[in-house]
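> Pasting a structure here, questions to come.
Quick note: the coordinates plus some simple rules give every number you see, no bench work behind them. Fair warning: this is a prediction, and the values are worked out from it, not measured in the lab. All Cβ positions, glycine included, derive from the backbone under ideal geometry; neighbour counts span all protein chains shown.
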Amino acid sequence: MCGIVGAVAERNITTILIEGLKRLEYRGYDSAGLAVYTQQGNLERRRRIGKVSELEAAVGAEPLAGNLGIAHTRWATHGAPTEHNAHPHFSGHELAVVHNGIIENHEELREKLKGLGYVFSSETDTEVIVHLLAHTLKSLPDLADALKAAVKQLHGAYGLAVISAKQPDRLLAARSGSPLVIGLGHGENFLASDQLALRQVTDRFMYLEEGDIAEIRREQVTIWDVAGTQVQRETVQYHEGAEAADKGEYRHFMLKEIHEQPTVVQRTLEGRLGKDHVMVQAFGPQAAELFAKVRNVQIVACGTSYHAGMVARYWLESLAGIPCQVEVASEFRYRKVVVQPDTLFVSISQSGETADTLAALRNAKELGFLGSLAICNVGISSLVRESDLTLLTQAGPEIGVASTKAFTTQLVSLMLLTLSLGQVRGTLAAGVEAELVEELRRLPTRLGEALAMDAIVEKTAELFADKHHTLFLGRGAQFPVAMEGALKLKEISYIHAEAYPAGELKHGPLALVDSDMPVVTVAPNNELLEKLKSNLQEVRARGGELIVFADEQAGMSNGEGTHVIAVPHIIDALAPILYTIPLQLLSYYVAVLKGTDVDQPRNLAKSVTVE
Ligand code: G6P
């Protein structure tokens, strides 16, 4: 996805910009560029398609030095990944802008600005911003005043950085829906879309909030909030523990990654939600056109990613009314598949390099699918490169072999897909999208509440210390959550765990139930609750011990052999995401009690690049 770096300093900032872009490479992009106010008093830019190293070579061949500059890695949404669509975008020779996000009313603004005589040199939505600002500067000559006025006309999501040759002592920034952080130096200041980009130059950061506009000078940072009132934002000293490659205060990467979920889910949503709808363009420039033709979905994945796909099937069919099939990649790739007309092929993968998933995608291209979408965590992966559309999950590097934050960000991405397909196809029930967008915004907070169950789940883990087998039960979209819970437990604690749809219990697995076989159940408060309660009675009647993760409003309480752990109430559609958290914590604490190698369980690999 797009990345922004900016700097205002006494020293030459070109290498700082390039180093910053390199640090954002993991996010995925298809072109890169920078603009510098040079020592000769001009705004100059270099842009290249492909890697930041190409841009670096271009700057090496034609050097560019200055004390003020902005830089960008672009992941194409409006307009192909070409040099003329790469950022920064200019208005004349005076003004340069880089932008993350999507401007939804760009067509209307473009027509208006063309009418005013502005000439467009790209197909991007971003270019309207720079001309709009140039136009506003005619009546409001101060850059901050002009930016405050101009952004009021933008609909959609943006994180922006702006520089002007006429006011070359400052860098302007605006945030709405796409994150920006200011890096504070001594006699120099910086801007980026992710603090990782600035770790080379500072450890002190100020995070812009929604609607903020910032004027960043060498010695001073001024911030105005959405109402235009000057505000102070807290300065945060960076802690090593927050870095992905470091366990920090946590005993294991897995626990750290479990606790990162509110943050990474927030990141996955950023720039993708409009006021009451999902921004379909987040899936790529041709997404809306392609989605309009989709009549079926085929999902293919492995392991945890496959479980995310299974949840998505419930969502796609129940919310968007779109038939969906889900299959593990190693099966799909080797069988003769009959493809329904107008089927979108969706692959899900944390790494984007899983051999079977990749082979399935390559086969799919021969099979007459409508198009392919990759839901993936690694922007530079093979899966992303070879798919027509991509949605990156923004989980950041996941180190623990047992996938946690990758899974929940996949689920969030699949909910965005469900709503986008339903929106474009017009198959969502009235009000559903607006309600779920609202609930998605609250989701990071709700996940934080679920993480507060840590201590009680740790205590519950003791029930499993001497057990060798476990059953996991769920109904509806919670069945795949139970499958994922069982997978986590077997992966890291080596306890044999099986998941069943609760209704299947009496068709076989009930024969296994006795006092040595704990049964874990996820019980949100939905229309299947009463049926689930009956299933639990069947277990209790056979002496089985029950561990029930139940909605706090479900009216379930502890009893003999029944341990009920209250889970915060959440709208049913998002329950699979929330209920995943206590199950992750459960397997983690059981593994810790068993003394296994939590982050690198025996026999398993993080990325399975061989068959
Ligand atoms: C391996 C990992 C799992 C992962 C699976 C699929 O088995 O250990 O955690 O779910 O591969 O990986 P992918 O990168 O395609 O999501």
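> In whole Å, what is the distance between the alpha-carbon centres of the range 353-404 and the range 548-563?
Spelled out, the Cα-based centre of one part sits 39 Å from the other.
> PRO524: net charge of surrounding residues, Cβ under 13 Å, Lys/Arg +1, Asp/Glu -1, itself excluded? Mind dumping the intermediate values first?
On the way: positive: ARG446, ARG475, LYS531, LYS533; negative: GLU527, GLU530, ASP551, GLU552, ASP572.
Here the count lands on -1.
> Quick one: which of LYS459/LYS490; LYS51/LYS138; LYS405/LYS490; LYS256/LYS533; LYS405/LYS594 span more than 25 angstrom between C-alpha atoms? List each step's numbers first, then the result.
Values: LYS459/LYS490 19 Å; LYS51/LYS138 37 Å; LYS405/LYS490 18 Å; LYS256/LYS533 34 Å; LYS405/LYS594 23 Å.
Flagged as over cut-off: LYS51/LYS138; LYS256/LYS533.
> Say the dipole of the chain comes from +1 at the beta carbon of Lys and Arg and -1 at that of Asp and Glu; which of VAL513, LEU140, THR126 then lies farthest toward its positive end?
Projecting each Cα onto the dipole axis, the largest value belongs to THR126.
> Now for a separate question. Which ordering of GLU327, GLU111, GLU260 is given by a fewest-first count of other beta-carbon atoms within 10 Å? Mind dumping the intermediate values first?
On the way: GLU327 18, GLU111 11, GLU260 23.
In order of increasing Cβ crowding within 10 Å: GLU111, GLU327, GLU260.
> What number, in percent, do you get for the relative contact order of the range 188-265 if the mean sequence gap of Cα pairs under 8 Å and at least 6 apart is divided by its residue count? Mind showing how you got there, number by number?
On the way: 72 pairs, mean separation 16.6, N = 78.
So the answer I get is 21 percent.
> Once the Cα atoms of helix 106-115 and of the chain are each reduced to a long axis, what angle between those two axes, in degrees from 0 to 90 to the nearest 10, is obtained?
The answer is roughly 10 degrees.
> With N denoting the number of residues in the range 462-543, provide Rg(C-alpha) divided by 2.2 N^0.38 Å, to two decimal places. Walk me through the numbers before you get to the answer.
On the way: Rg = 12.1 Å, N = 82, 2.2 N^0.38 = 11.7 Å.
Ratio of Cα Rg to 2.2 N^0.38 Å: 1.03.
> I would also like to ask the following. Based on DSSP, what percent of beta bridges with both residues in the chain are antiparallel, to the nearest 5? Could you put the intermediate results ahead of the total?
On the way: 64 of 106 bridges.
Close to 60 percent.
> With the calculation restricted to Cα positions, what are the radius of gyration and Dmax of the range 374-463 in angstrom?
16.6, 49
> Given contacts defined as C-alpha pairs under 8 Å and at least six residues apart, what's the relative contact order of the chain, whole-number percent? Walk me through the numbers before you get to the answer.
Details: 1377 pairs, mean separation 66.6, N = 611.
11 percent.
> In whole Hz, with x marking every Gly and Pro, tabulate ³J(HN,Hα) for the range 429-440 from phi via Karplus 6.51 cos²θ - 1.76 cosθ + 1.60, θ = phi - 60°.
Per-residue couplings from phi come out as 5, 4, x, 5, 5, 4, 5, 6, 4, 4, 5, 5 Hz.
> Next question. Given q = 0.12, 0.21 Å⁻¹, what are the Debye log10 I(q)/I(0) values for the range 184-322, with equal point scatterers placed on the Cα positions and solvent ignored?
Result of the Debye calculation: -0.79, -1.34.
> Decide, for the range 36-119, between rounded, prolate and oblate: order the square roots of the alpha carbon gyration tensor eigenvalues as a ≥ b ≥ c, take rounded if a/c falls under 1.5, and otherwise choose prolate if a/b is larger than b/c, else oblate. Could the numbers behind the result be given before it?
Values: a/c = 2.49, a/b = 1.42, b/c = 1.76.
Oblate, because a/c is 1.5 or more while a/b does not exceed b/c.
> Tell me, in nm to one decimal, what length is gained between TYR250 and GLU530 on full extension, where the rule is 0.36 nm per residue of separation less the Cα-Cα distance? Could the numbers behind the result be given before it?
Working: separation 280, 0.36 × 280 = 100.80 nm, distance 3.91 nm.
Here the segment from TYR250 to GLU530 would lengthen by 96.9 nm.
> Taking the Cα centroid of the range 226-303 and of the range 427-455, what is the distance between the two, rounded to the nearest whole Å?
14 Å
> Can you sort VAL520, VAL278, VAL151 from fewest to most other Cβ atoms within 10 Å of each residue's own Cβ?
On the way: VAL520 29, VAL278 25, VAL151 20.
Neighbour counts put them in this order, fewest first: VAL151, VAL278, VAL520.
> Counting Lys +1, Arg +1, Asp -1, Glu -1, what net charge surrounds GLU538 among other residues with beta carbon under 14 Å of its beta carbon? Walk me through the numbers before you get to the answer.
Numbers: positive: ARG475, LYS506, LYS531, LYS533, ARG540, ARG542; negative: GLU504, ASP514, GLU530, GLU545.
Computed value for this residue: +2.
> Tally Lys/Arg at +1 and Asp/Glu at -1 over every other residue whose Cβ is under 11 Å from the Cβ of PHE205; what's the total? Mind showing how you got there, number by number?
Values: positive: ARG199, ARG204, ARG233; negative: ASP194, ASP203, GLU234.
Charge balance in the 11 Å sphere: 0.
> Just in the range 53-139: which trypsin sites (Lys or Arg not before Pro) are loop by DSSP and have at most 14 other Cβ atoms within 10 Å?
Values: sites: ARG74, ARG110, LYS112, LYS114, LYS138; in loops: LYS138.
Hits after loop and neighbour filter: LYS138.
> Now a separate question. Given the range 136-216 reduced to its alpha-carbon atoms as identical point scatterers, what log10 I(q)/I(0) does the Debye formula return at q = 0.12 Å⁻¹?
So the normalised log intensities work out to -0.35.
> So for SER381, SER193, fewest C-beta neighbours within 10 Å to most, what's the order? Spell out each step's value before the answer.
Details: SER381 23, SER193 30.
Taking fewest neighbouring Cβ atoms as first place, the list is SER381, SER193.
> Where does the chain land at 222 nm, in deg cm²/dmol rounded to the nearest 500, when only DSSP H runs of n ≥ 4 count, each adding -39500 (n - 2.57), divided by all residues?
The per-residue figure over the chain is -10500 deg cm²/dmol.
> Follow-up question, since we're still on this one. What share of Cα pairs, in percent, lie more than 18 angstrom apart in the range 126-264?
59 percent
> Could you work out the Kirkwood radius for the range 524-611, taking every pair of different alpha carbons, averaging 1/r and inverting it, reported in Å? Each step should come with its number before you reach the end.
Working: mean 1/r = 0.0648 Å⁻¹.
The answer is 15.4 Å.
> Classify the chain as rounded, prolate or oblate, taking a ≥ b ≥ c as the square roots of the eigenvalues of its Cα gyration tensor: rounded when a/c is under 1.5, otherwise prolate if a/b is larger than b/c and oblate if not. The partial results should precede the final answer.
Details: a/c = 2.08, a/b = 1.79, b/c = 1.16.
Because a/c hits 1.5 or more and a/b exceeds b/c, the chain counts as prolate.
> Another question about this same structure. Where does helix 405-425 land angle-wise versus the long Cα axis of the chain, in degrees 0 to 90, nearest 10?
It is inclined by approximately 70 degrees.
> According to the Kirkwood expression over distinct Cα-Cα pairs, how big is the hydrodynamic radius of the range 231-308, in Å? Present the calculation step by step, with values, prior to reporting the outcome.
On the way: mean 1/r = 0.0601 Å⁻¹.
It works out to 16.6 Å.
> Give me the percent relative contact order of the range 199-310, please, defined on Cα pairs under 8 angstrom at least 6 residues apart. Could the numbers behind the result be given before it?
Values: 74 pairs, mean separation 14.1, N = 112.
About 13 percent, as a whole number.
> Answer rounded, prolate or oblate for the range 437-479, using the Cα gyration tensor with square roots of eigenvalues a ≥ b ≥ c: rounded when a/c is under 1.5, else prolate when a/b is larger than b/c, else oblate.
oblate
> Rounded to the nearest 10 degrees, what's the angle between the helix 14-23 long axis and the longest principal axis of the chain, both from Cα atoms, 0 to 90?
Taking Cα atoms only, the helix is inclined about 10 degrees.
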